[in-house]
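First comes the structure, then the notes that go with it.
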Amino acid sequence: MKRVLSFIFWALLFCCRCWTTQAEIFTSISQMTDLIYTEKELVQSLREYIKAEESKLAAVKSWANKLDALTIVSTSDPEGYLAHPVNAYKLMKRLNTEWSELETLVLENPSDGFISNMSTHRQYFPDEEDETGAAKALMRLQDTYQLDSEAFSRGRLPGMHSNALLSVDDCFDMGKTAYNDADYYHAVLWLQQALKQLDAGEEAVVSKADILDYLSYSVYQMGDLPRAIELTRRLVAIDSSHQRAGGNLRYFERLLMKQLNELNQEYQPASEEPIQLGTYSRPKDHLPEREAYEALCRGEGLQMDEVRRSRLFCRYQDGNRSARLLLKPMKEEDEWDSPHIVRYLEVLSDEEIKKIKELARPRLARATVRDPKTGVLTTANYRVSKSAWLEEEDDPVIERVNQRIQDITGLTVDTAELLQVANYGVGGQYEPHYDFSRRPIDRTLMVDGNRLATFLNYMSDVEAGGATVFPDFGAAIRPRKGTAVFWYNLFKSGEGDYRTRHAACPVLVGSKWVSNKWIHERGQEFLRPCGLTEVD
């Protein structure tokens, strides 16, 4: 501002000097008239500068007011706020993209205090990979729970309605994320939603031409030439000079005519139905039981009929007369008959859960899996969670939990792995897998043997999604805070029970906390003797 005022002062002074010099030669009103217009131009320049500064300040104020109201809601219950996947995605997007845009705006007239504060905190911001991961998580939820893009965009999720909305620009960014990953199936769904909201009158930064450009090519990649042609014609009508549209249109039309001639068919206009979930077939992927797995996650395809259900019972369990369970035995419920899966009630108290979470939070890191070819631990897209490992030395509560698991199961935990704590956030999942190792040369098995059994504690309720499912025999076990489920991964012979292939369904709404204990073979020789046949 000071620089601008200084410029105006010297410009006026220069003009005055010119007028004085000229007045000594020409005592002319016309010369003075020029000065009037010069001054007017300077004032107009000053007005434009003030308007630009006020506009920038108004934008910053608007952003601050919006975020002020938003943070009041989000900080009042952070986990509850982030339980909604749209809120989690938009947080990633704000911190990775929108705060950077605000930084650029403020840098036009640097504010040292703000930039210093921004630079200090920026190291903790999510990056582009995090934003992309959050977008893919929404698409994963969309697939698993068969939600159309409009339901997500309007905040309508099973069992709840929220004001967490996705704008045209949000939907476009979602579509573009899929597009850049050559995932044209999801690109179509989200770009179509962006177009739909824009046509409905919603304001946006992205132009209709840009949406049609990406959408038409994505539809072409899905093999729908008539619709690709119709969308490209709309693009040409909006922007006839578009650098790709004309060429694409001619190419699509030639390709369609060639196909129709080869098939001896007549041209059929594109469907006027909107592109939505189910319009195109979802591409196959690496998981053979994908459909069965996702159906179980939705509560479909369960195989427990009434006859089998009648064989399930509940009982008190004292761990073969364990001294610690005699006066207060555990409540045990059958979840499945074969393989036998049981649930224990009131395994962890709220205080114990709170302490375990407190110990785990600073140690949480992206969960890893063992590469089946190299044996090296690595991250994988099919396991999306953060985990931490807790030792008995960390706190007496860990020692108590380990002892309780030993008392309940009647198995020693001396050779078991450390207590693993995992937190599944937006779209968090673990696709179908075995807990036992199928690599006999795995060095981790040479000392303590294979993973004999799994003891899984649920440390939170989950509003929607997050079930533990067994696609092989059609079981789905819902998280219930404070309870635990237990099953054997190996037969008594030591052979793996391949029926125990299981998965953690994506969390749709909520924050899923679990802790598990993998109990190994060694030390159990007299506690669980070998069977006489391979499948005992």
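The values are calculated or read from the model by the stated rules, or taken from the named source; none is laboratory data. Since the model is a prediction, treat every value here as computed from it, not as a measurement. Every residue, glycine as well, gets a Cβ built from its backbone with ideal geometry; the counts of neighbours run over all protein chains shown. Keep in mind that these areas ignore ligands, DNA and RNA; they rest on the heavy atoms of the full protein, side chains included. Shrake-Rupley method; radii C 1.70, N 1.55, O 1.52, S 1.80 Å.
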Legend entry - Pair list, Cβ under 6 Å, 6 or more apart: the range 73-91 residue closer than 20 Å to E358 by Cβ, other residue open to solvent by 70 Å² or more (accessible area, probe 1.4 Å) and modelled with pLDDT of 90 or more: none
Legend entry - Which listed residue, of G449, G465, is of a type in the set (G, A, S), within 23 Å of the chain's Cα centre (by Cα) and at pLDDT below 95: G465
Inset, instruction - Sort through E291, E300, E262 and tell me the only one that's assigned to a loop (DSSP other than H, G, I, E, B), among the charged types (D, E, K, R) and surrounded by fewer than 16 Cβ atoms within 10 Å (Cβ to Cβ). - result: E300
Legend entry - Residue list for the range 231-253, restricted to those being outside any helix (DSSP H, G or I) and among the basic types (K, R): R244
Legend entry - Count of residues meeting criterion [within 26 Å of Y220 (Cα to Cα), hydrophobic (A, V, I, L, M, F, W, C) and either at pLDDT below 90 or more than 15 Å from the chain's Cα centre (by Cα) (or both)] in the range 153-189: 6
Legend entry - Residue selected from the range 142-163 under the condition in a helix (DSSP H, G or I) and touching a helix residue (DSSP H, G or I) at 6+ places or on another chain (Cβ under 8 Å), by the criterion nearest to A504 (Cα to Cα): T144
Inset, instruction - Please work out which residue is nearest to Q197 (Cα to Cα), limiting yourself to the range 140-163 and to residues that are out of contact with any His (no Cβ under 9 Å at 6 or more places or on another chain) and basic (K, R). - result: R156
Inset, instruction - Identify all residues within the range 306-337 that are open to solvent by 60 Å² or more (accessible area, probe 1.4 Å) and under 24 Å from D536 (Cβ atoms); write none if there are none. - result: R311, F313, R315, N320
Legend entry - Selected residue (only one of K517, K492 is in contact (Cβ under 8 Å) with a residue 12 or more places away in the chain and either open to solvent by less than 10 Å² (accessible area, probe 1.4 Å) or not in a loop (DSSP other than H, G, I, E, B) (or both)): K517
Legend entry - Of residues in the range 164-178 being in contact (Cβ under 8 Å) with a residue 40 or more places away in the chain and not in a helix (DSSP H, G or I), the one farthest from Q192 (Cα to Cα): A164
Inset, instruction - Determine which single condition F486 fails, assuming it passes every other condition in (1) part of a loop (DSSP other than H, G, I, E, B); (2) closer than 23 Å to M330 by Cβ. - result: (1)
Legend entry - Complete set of residues in the range 182-217 that are without any contact (Cβ under 8 Å) to a residue 40 or more places away in the chain and outside any helix (DSSP H, G or I): A182, A200, G201, E202, E203, A204, V205, V206, S207
